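**Student:** Got a structure here, written out as structure tokens. Questions coming.
Please treat every number below as a calculation from the coordinates, not as lab data. None of the values given here were measured: they were computed from a predicted structure. Glycine also receives a Cβ, built like all others from the backbone with ideal geometry; neighbour counts cover every protein chain displayed.
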Amino acid sequence: MTQPLVVLDTPTLYYRAFHALPDSLRDPAGMPINAARGMTQTLASLVELTGSTRIVAAMDADWRPAFRTAVVPEYKAQRVTDDAAGTETPPDLAVQLPLITALLAAAGIPVAEVPGTEADDVIASIAAAAHESVVIVSSDRDLLSLLAPGRDLVVMRPKKAGVWDTLRIADLPGSYGVVDGAQYRALAALRGDPSDGLVGVPGIGEKTAAALLSGYGDLPGIFAAAEAGERAHGLSPRRAAAILEHRAAVEANHTVMTCREDLPVAGFVEAAGGDPDPVALRELAARHGLTQSAERLLAALGAPPADVAPPAGVPAAAHTGEQSAGEVWTEAPLWGFDLETTGTDPHTARIVSAALVRFAGGDPVERLTWLVDPGVEIPAASVRIHGITPEHVRAHGRPVAEAVPEILAKVAAIRGAGGMLVGHNVVYDLTILQYEAERAGAEPDARAVCPPVIDTFVLDKRAQQFRRGPRTLTAVSQNWGVELSQAHEALADAEAAVRIALAIAAVHPDIAAHSPAALHAAQIGWKREQAASFQEYLRGRGRPNAVVDPSWPFEPRRGPAPRPGV
């Protein structure tokens, strides 16, 4: 099936992103990136929705062309924010435009602009010359005027929450009461467009204009009916007088609203569907804090994932896909994993309880738990968190030397079956397990038997980087609609982690599309980026020596290895 040609009304999209996303989104140098981030995400969504990588980004070479201001001098005049420069672009958006253009180029998307014209004219010329399916993407309703008989054309208009309106010529009667784009342009001319400085006929809105066009066909027919004193289709004496009084303005509106269809655009169409430059796009993204959006776009465009080293504990063959070709992690055996411990420092804390829970078809089907006597006192602060007292573990818990090898054996079996461990801030749990393995003298240790890992702390930050508030398991569960009624109970926490991972995958196809080994590898890079970002945040807020460890999924050793039995 031939991919449709997707033509972007790029200015409307980056303006929409600029106003929709907070201006607090900044790159490491402090430059605003809200429009660039929103634009990159929109591109990824469009590729996913349309199934097409053949995209052309139309731009305004002149947003107030002389051939329009000659007809209506007021055309867009109220938008000018800088009389000397004659621009409407806010400074925080203007500084992002070169970045947006560079991102488009790196994505293999040609920028189409013709001197002295607007993006609408470029789009209209492409639509007029095309002998194929064309998708126009714009938040501007005026481009509905391009819907004409004989054209395989659809207009996509963004709405809230990632929803899109799609309109074809057959949808115009039901949506606007007109039969085609030509009638829609006449409707808009009667109605006017204050945002463009175009004054319509007082007292005539869209419904009245549609009724008049339904009865009299076009603007000349309406003017003739008004002059003849006809009184049908909503044409009252008052409206007829207003139409005749403002006839010149309506005709001028219609001229200004008519897009040129004769521009040389063949070269832009031929360039659509070019290969992206992943290296250039990733370099731009890294420099400006857009890595998540850029990786989603590259994945949508079919670019290979970034080269990363094989993850710790995963054979190189698995990392390259030889053991799981075509497998996505959501189809692998998923095992939730959680520990309750004696403290918060993973280098010194001991295991008090452990849980592994296997999911199949989105639900838990097997649960394993261990109550462990850590051999040391459990501090009162830890007891208040998980509720497990020293008396209880001494009476009912198993020695570390028995429990830990069992846990490791089960983890090794999960790896052997192609499964994954899923936990929240799992680097804490795995680091403790590694130390406990060394204390128990267990071989092989946790690093050697560890399967690919999913850390919902890392995934949540990847999916919603700029969400404010805590990233505790309780907060993340609430954010993703996962019930967690017994927080700090190992089995409940392990189940919640898997449900969160699946909830994220359901709305983020870029995360869901990885194989188990590839997702593990990707999280190594994501954790590194997140740690660097947090470290920079801390240093910019009065902690110049702050260091955030990027290690994942195990923290490096501090000090000598624990002696067995100690």
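**Student:** Tell me the mean residue ellipticity at 222 nm calculated for the chain from its helices only (DSSP H runs of n ≥ 4, each -39500 (n - 2.57), averaged over every residue, nearest 500).
**Tutor:** -13000 deg cm²/dmol
**Student:** Starting from the 7 Å offset along Cα-to-Cβ, what nm value, one decimal, do you get for the label separation of A224 and D262?
**Tutor:** 2.7
**Student:** Relative to the present Cα-Cα distance, how much length would full extension add between V199 and N425 at 0.36 nm per residue of separation?
**Tutor:** 75.5 nm
**Student:** Between V352 and residues 5 or more places away or on another chain, which pairs have amide H atoms under 5 Å apart, with H built 1.01 Å from N, and which residues are they?
**Tutor:** Excluding prolines and chain starts, which carry no amide H, the hits are E340, T341, T342.
**Student:** Still on this model: How many nm is it between the label spots at A170 and V507, if each spot is 7 Å from the Cα in line with the beta carbon?
**Tutor:** Placing both labels 7 Å beyond Cα along the Cβ direction yields 3.3 nm.
**Student:** Name the long-range amide H neighbours of D193: under 5 Å, sequence gap of 5 or more, or other chain; modelled H, no Pro or chain starts.
**Tutor:** Long-range HN contacts for D193: L198, V199, G200.
**Student:** Hey, another quick one. Could you pull out every residue, at least 5 positions away or on a different chain, whose amide H is within less than 5 Å of the one on E113? Hs are placed 1.01 Å off N in the peptide plane, and Pro or chain starts have none.
**Tutor:** HN-HN under 5 Å from E113: M59.
**Student:** Could I ask something else about it? For the pair R558 and A381, what calculated FRET efficiency results from E = 1/(1 + (r/R0)^6), where r is the Cβ-Cβ distance and R0 = 25 Å, to the nearest 0.05?
**Tutor:** For A381 and R558, the calculated efficiency is 0.70.
**Student:** Can you classify the range 350-459 as rounded, prolate or oblate using the Cα gyration tensor, where a ≥ b ≥ c are the square roots of its eigenvalues, rounded means a/c under 1.5, and otherwise it's prolate if a/b beats b/c and oblate if not?
**Tutor:** Judged from the Cα gyration tensor, the range 350-459 comes out prolate (a/c at least 1.5, a/b above b/c).
**Student:** Hey, another quick one. Order 256-263, 388-395 from most to least packed using the mean count of other Cβ atoms within 10 Å.
**Tutor:** Per-residue Cβ counts within 10 Å, averaged per peptide and sorted highest first, yield 256-263, 388-395.
**Student:** Per residue Cα convex hull volume for the range 1-140, in cubic angstrom?
**Tutor:** 122
**Student:** Averaging the inverse of every distinct alpha carbon separation and then flipping it gives the Kirkwood radius. What is it for the range 317-539, in angstrom units?
**Tutor:** When all Cα pairs of the range 317-539 are included, the Kirkwood radius is 17.9 Å.
**Student:** Leaving out same-chain residues fewer than 8 places away, which lysines sit with a Cα under 24 Å from that of K461?
**Tutor:** Within reach: K160, K527.
**Student:** When ranked by the protection proxy of mean other Cβ atoms within 10 Å per residue, highest first, what sequence do the peptides 379-385, 132-138, 218-224 form?
**Tutor:** Ranking the peptides 379-385, 132-138, 218-224 by packing returns 132-138, 218-224, 379-385.
**Student:** Would you list the membrane-span-like helices of the chain, meaning whole DSSP H runs whose alpha-carbon atoms span at least 20 Å along their axis and whose mean Kyte-Doolittle value is at least -1.0?
**Tutor:** Those that clear 20 Å and a mean of -1.0 are 34-50, 400-416, 426-440, 490-507, 516-539.
**Student:** What would the Debye equation give as log₁₀ I(q)/I(0) for the chain at q = 0.07 Å⁻¹, counting only Cα atoms as equal point scatterers?
**Tutor:** -0.56
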